[in-house]
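Working notes for the structure below.
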Amino acid sequence: INASTSIYPNPAGNTLHVNFGASLTGKIALVITDVSGKPLITNKALQGGTSSQVNISSLPAGTYFFKIISTKSEENAVKKFVKL
């Protein structure tokens, strides 16, 4: 994922904001996993080149991984964040 793709704030409270880089095209899947890799939250209805908010209020405090997967481009990323 290019440098223009970001997640914030980190650490996060109940909402995580995601800005997708312009090079991401097509539908984007967002998957939040725990440290063992178990998927906890999935959102597949997003479009590249936009921004989104993800409600993470159901997650307990801890460290998680945020996977960004584009269906059309080959740019995928895993970013770490902390839930307060």
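Around residue 56, which amide H atoms from residues at least 5 apart in sequence, or from another chain, sit under 5 Å from its own amide H, with H modelled in the peptide plane?
15, 16
If r is the Cβ-Cβ distance from residue 59 to residue 19 and R0 is 30 Å, what FRET efficiency results, to the nearest 0.05?
0.90
FYI, it's all coordinate maths here, none of it is from the lab. The structure displayed is predicted, hence computed values, not measured ones. Here Cβ is always computed from backbone atoms with ideal geometry, including for glycine, and neighbour counts include all displayed protein chains.
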